[in-house]
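**Student:** Structure provided below as structure tokens; questions to follow.
The values are calculated or read from the model by the stated rules, or taken from the named source; none is laboratory data. Everything numeric here is computed off the predicted structure, so don't read it as measured data. Cβ placement follows ideal geometry from the backbone for every residue including glycine, while neighbour counts extend to all protein chains displayed. Keep in mind that these areas ignore ligands, DNA and RNA; they rest on the heavy atoms of the full protein, side chains included. Shrake-Rupley method; radii C 1.70, N 1.55, O 1.52, S 1.80 Å.
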Amino acid sequence: MSHQPLADFYPRLPGPARFIGEILAGLRLGKSVVVVFPEAMVEAGVADAILHEIAAENGRAEYCDPSTEAFPTRILATFGVDPLHARDYEEWDTIIGWTAWHGSWVLIPGWQHHDVEEIVRRWPAQLNACGLSIEDRPKLVIAVRLADLPRSTITHLDAAGVAVHWWWGVLDRLDTEIRLSTISEQVVDPVDAAVIAELAGWDLPCVDHLFGSWDRTSTGLPDAVRDYRTESRHWDPKPAAAQRLQSRRGLTAPPVELEQLWRDGLVERWGRSIRSAPHALDDAEVARRMWMAHNRVLIPHVDEERTRFERTILEKASAQALHGLARRSDDIIEIGSLAWLVETRRVDIGSRDRQRLQTFRDLRNDLAHHKPVTDDLLRRVLDYLED
């Protein structure tokens, strides 16, 4: 099992690595950057881990001195210069001309600085007036929560000089599956892995919790989610309105109507959909996500079995036995119809194959009715697949 702190693991995943790469591309084009994180990612240390990875890409990257002095004075202190020896540059209008920090990246975690809004408001004017080349310009990497910098200010930044990146939709299914694969010393059963990924979504701490605490039964999953809710200090699931999210907007930033839920760590974009956090789900939604996982992994096996049994039954069935049998427009015989042919003795395929066919017919029926597969049925299905 991986012992690396989870926050430090994020930058190694494909989604966050892509996110960091987009930020680096903007910096190399001469832009400063504002990175907007939800409070939950700052509290978990993920935002700091992302900043650390950005800083590692430039030998002249420095974290801005977090004192209460004015920003130009803090810049001088950041690069180890006594302001008394650089009096010509200790004002907002002159600091950009101080050659000692040209070409550097200055990282400013907004939660450590009292004047982020002033910096963001005044910095673009410095860039416009400086006349410096892209290579010589100092670049600011300003990481903020919406508590540090209002959304209205962020949306009105001049994109020509400042690029904005939101921690929104950074993680997808691949990242979740990779996290699961790294905490297990053995291959996780594909059905169990699908359930954990579908239930946890973008919430990687939940991946760790379910891997260690879920008993791998359908009946035990709601209990594991309730335990996680308690661990996360969230005592009640949110209203259903927060669980079935209809918004499909917000490809690069959370929609305004979901902003507070995003800030609270209750909503994120994961892949192509917007998902509620697992600790915000009631039992009905837990069951729905389990069904989604079962459907994703098992429905291809239903079609494989249907194809195999169709071939066998058509070889044995008489024209009279097939007369009047309902078929799809593409002439495929559904697995339910194949089971009916066998159960009504129109075709004999032997007791073992009959039971196997009935099992996959039952599996298909449950999945078609959006029901998670019961533990007993799943055990029978997996036994056949491993046979």
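**Student:** Quick check for me: using +1 on Lys/Arg Cβ and -1 on Asp/Glu Cβ, what's the dipole size of the chain about its Cα centre, in debye to the nearest 20? Let's see the in-between values first.
**Tutor:** Numbers: 46 positive and 61 negative charges, 317 e Å.
Dipole of the chain, to the nearest 20 debye: 1520 debye.
**Student:** Search the structure for amide H atoms under 5 Å from the amide H of Ile142, placed 1.01 Å from N in the peptide plane, and list their residues when 5 or more places away or on another chain.
**Tutor:** Distant-sequence amide H within range of Ile142: Val33, Val34, Val35, Ile108.
**Student:** Starting from the residue with the highest accessible area, list His370, His323 in decreasing order, probe 1.4 Å.
**Tutor:** Working: His370 115, His323 155 Å².
The ordering from most to least exposed comes out as His323, His370.
**Student:** Right, something else. Sort Tyr10, Tyr384 by heavy-atom solvent-accessible area, probe 1.4 angstrom, most to least. Could you put the intermediate results ahead of the total?
**Tutor:** Details: Tyr10 5, Tyr384 30 Å².
Highest to lowest solvent-accessible surface, that is Tyr384, Tyr10.
**Student:** Using amide H atoms built 1.01 Å from N in the peptide plane, name the residues 5+ places from Val267, or on other chains, whose amide H lies under 5 Å from its own.
**Tutor:** Trp262, Ala277
**Student:** How long is the chain along each principal axis, judged by its Cα atoms, biggest number first, in Å?
**Tutor:** For the chain, the Cα spread along each principal axis is 100, 42, 38 Å.
**Student:** Quick one: helix 14-28 against the long Cα principal axis of the chain, what's the angle to the nearest 10°, folded into 0 to 90?
**Tutor:** The helix 14-28 is inclined about 30 degrees to the chain.
**Student:** Over the chain, what percent of the accessible surface lies on carbon and sulfur atoms, probe 1.4 Å? Could you put the intermediate results ahead of the total?
**Tutor:** Numbers: 9000 of 18560 Å².
Here carbon and sulfur together make up 49 percent of the probe-accessible area.
**Student:** Still on this structure, I have one more. Provide the per residue accessible area, probe 1.4 Å, for the chain, rounded to a whole number of square angstrom. Don't jump to the answer; show the numbers that get you there.
**Tutor:** Working: 18560 Å² over 387 residues.
Heavy-atom accessible area per residue stands at 48 Å².
**Student:** Follow-up. If you restrict to DSSP beta bridges whose two residues both lie in the chain, what percentage is antiparallel, to the nearest 5?
**Tutor:** Values: 4 of 21 bridges.
Taking every DSSP beta bridge within the chain, about 20 percent pair in antiparallel fashion.
**Student:** Still on this structure: About its Cα centre, how strong a charge dipole does segment 173-281 have in debye, to the nearest 20, once Lys and Arg get +1 and Asp and Glu get -1 at the Cβ? Mind showing how you got there, number by number?
**Tutor:** Details: 14 positive and 17 negative charges, 118 e Å.
The dipole magnitude comes to about 560 debye.
**Student:** Additional query: Which whole-angstrom value gives the distance between the alpha carbon centres of segment 131-200 and segment 254-295?
**Tutor:** 17 Å
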